Amino acid sequence: MRLPAQGNEFSRPEENRAPFLKRLYIYQKERFPILGHGLLVTAFSFSAISFSRICRGAEGFVSWKIFLTGIFTTISLFFLVRIFDEFKDAEDDAKYRKELAVPRGLITFRELAITGAIFAAVQIVVNLIFFPKMLLIYSIVIGYLLLMGKEFFIADWLRRHQFWYVVSHMVIIPLIDIYASGLDWLLAGVDAPSGLVFFFAVSFMNGIVLEVGRKIRVPEKESEGVLTYTSLLGTQKAVWLWIAILVVTLSLSIAASVFAGYGKTAFLVLGAVFIICSMPAFLFLNKKTEKLSKMIEYASALWTIAMYLTLGGGPMLSKMLSV
């Protein structure tokens with residue numbers, strides 16, 4: 001792969017010449033905002049553990065030592081996904097998205113590779129010290145991530161088949177979910193609750209919700225070489241696809257709620273979240289504005305957080321506070 005030259009018309013010399021830590025801070029701010037992503041992944045991990053414990057009738061929550069060291073791994077795993085994507089998308093970014101951090105020379109591929117290697121090494125050490133049992137699931141996640149980085153050695157075929165491209169790349173989310181939930185059932189030495197299958201399916205679909213939701217745009221915001229679902233399918237079909245994905249995710253969430261033994265309240269909450277989050281899409285169908293397209297993207301994030309909190313986080317917090 002031919003790597004892009006360092007620097008272009010979007011370069012900011014004062015940033016490119018800054019010390020590495022400052023440039024890494026700017027990079028994460030643009031490409032992996034640690035606060036926003038950290039909160040989302042923390043909710044993701046907390047809910048996976050909580051759902052597992054609720055399904056198997058375990059009292060309380062895992063120890064905070066397990067939880068905090070576990071979320072370090074899950075957050076940093078998603079950061080590794082971001083780094084791998086930089087390498088995978090290098091040629092397209094250099095050609096069509098020159099304003100991004102790597103093409104404009106803010107940070108180099110070598111620096112990203114070293115940063116990723118350091119995070120991976122720390123992940124292994126942390127898991128080895130605190131819960132070596134988790135290394136098997138961790139290894140599976142890393143193995144899949146390495147295959148993703150190589151586009152499963154069928155890059156051209158995947159790019160011609162967008163459906164399978166998205167599906168293959170979203171599998172990493174339930175794999176990390178399996179790791180997070182394993183902080184409960186695996187460390188407890190018991191079988192994974194069967195209801196987790198539906199929770200993992202919801203995680204997978206949440207990734208699709210986010211993927212499609214952030215790539216719905218008005219015609220004037222489409223860019224050459226940047227794939228969006230509105231350019232691929234047309235505006236109407238892309239928005240209806242996103243709504244259909246919400247419906248499928250809602251159905252899986254209801255199934256997960258049944259397995260967890262939740263009552264009517266959970267169904268009402270899920271229904272209310274669906275109505276609220278789908279509203280921007282229906283409004284966009286009637287009035288296609290940039291503001292409403294951004295609202296669909298925000299609704300995708302809200303939907304994802306709400307699903308995790310409703311299925312695991314909320315019920316567990318309720319139990320913990322009532323003790």
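Within the chain, the longest run free of trypsin sites (Lys or Arg not before Pro) that sit in a DSSP loop with at most 10 other Cβ atoms within 10 Å is 18-286. Of 298, 144, the sequence from fewest to most neighbouring Cβ atoms within 10 angstrom is 298, 144. The reciprocal of the average 1/r between distinct C-alpha atoms defines the Kirkwood hydrodynamic radius, which for the range 1-188 equals 18.0 Å. For the range 78-132, applying the loop criterion from DSSP together with a ceiling of 12 other beta carbons within 10 Å to the chymotrypsin sites (Phe, Trp or Tyr not before Pro) yields no site. Length gained on full extension, residue 190 to residue 146, computed as 0.36 nm times the residue gap minus the Cα-Cα distance: 12.9 nm.
So for the pair residue 233, residue 113, with labels modelled 7 Å out along Cα→Cβ, what separation do we get in nm? Simple spin-label model gives 3.8 nm for this pair.
Tell me, 243, 296, 276 in order of fewest to most beta-carbon neighbours within 10 Å? Intermediate values should be presented prior to the final figure.
Working: 243 17, 296 26, 276 13.
Least to most surrounded, the residues fall as 276, 243, 296.
Just need log10 I(q)/I(0) for the chain at q = 0.08 Å⁻¹, Debye formula, equal scatterers on the alpha-carbon atoms, no solvent, rounded to two decimals. Taken in order of the listed q values, log10 I(q)/I(0) reads -0.40. Residues considered: 141, 171, 258. Largest GNM mean-square fluctuation over the chain, using C-alpha springs under 10 Å, is found at 258.
Taken about its Cα centre, the chain carries a charge dipole of about 320 debye when Lys and Arg each add +1 at the Cβ and Asp and Glu each add -1 at the Cβ.
The 3J(HN,Hα) values that the Karplus relation (6.51, -1.76, 1.60; θ = phi - 60°) gives for the range 211-228 are, in residue order, 4, 6, x, 7, 10, 10, 9, 6, x, 6, 9, 6, 10, 4, x, 9, 6, 10 Hz. Gly and Pro appear as x. Set the bar at 28 Å for Cα to Cα. Now go through 98/287; 88/133; 237/294; 29/133; 95/221; 150/294 and name every pair that lies beyond it. Distance filter (> 28 Å) returns 98/287; 88/133; 29/133; 150/294. Residues 64, 240 in ascending order of nearby Cβ atoms (within 10 Å, fewest first): 64, 240. The charge dipole of the range 194-323, taken about its Cα centre with unit charges on the Cβ atoms of Lys, Arg (+1), Asp and Glu (-1) only, comes to about 220 debye. With both labels modelled 7 Å from their Cα along Cα-to-Cβ, the residue 287 to residue 139 distance reads 5.7 nm. Kirkwood hydrodynamic radius of the range 179-281, from the reciprocal of the average inverse Cα-Cα distance over all distinct pairs: 15.6 Å. Among 70, 149, 36, whose mean-square fluctuation peaks in a Gaussian network model of the chain (Cα, cutoff 10 Å)? Of 70, 149, 36, the Gaussian network model singles out 36 as fluctuating most.
Read-outs throughout are calculated quantities, based only on the coordinates presented, and are distinct from any laboratory measurement. Nothing here was measured: the structure is a model prediction, and the numbers come from that model. Neighbour counts run over all protein chains shown; Cβ positions are idealised from the backbone, glycine included.
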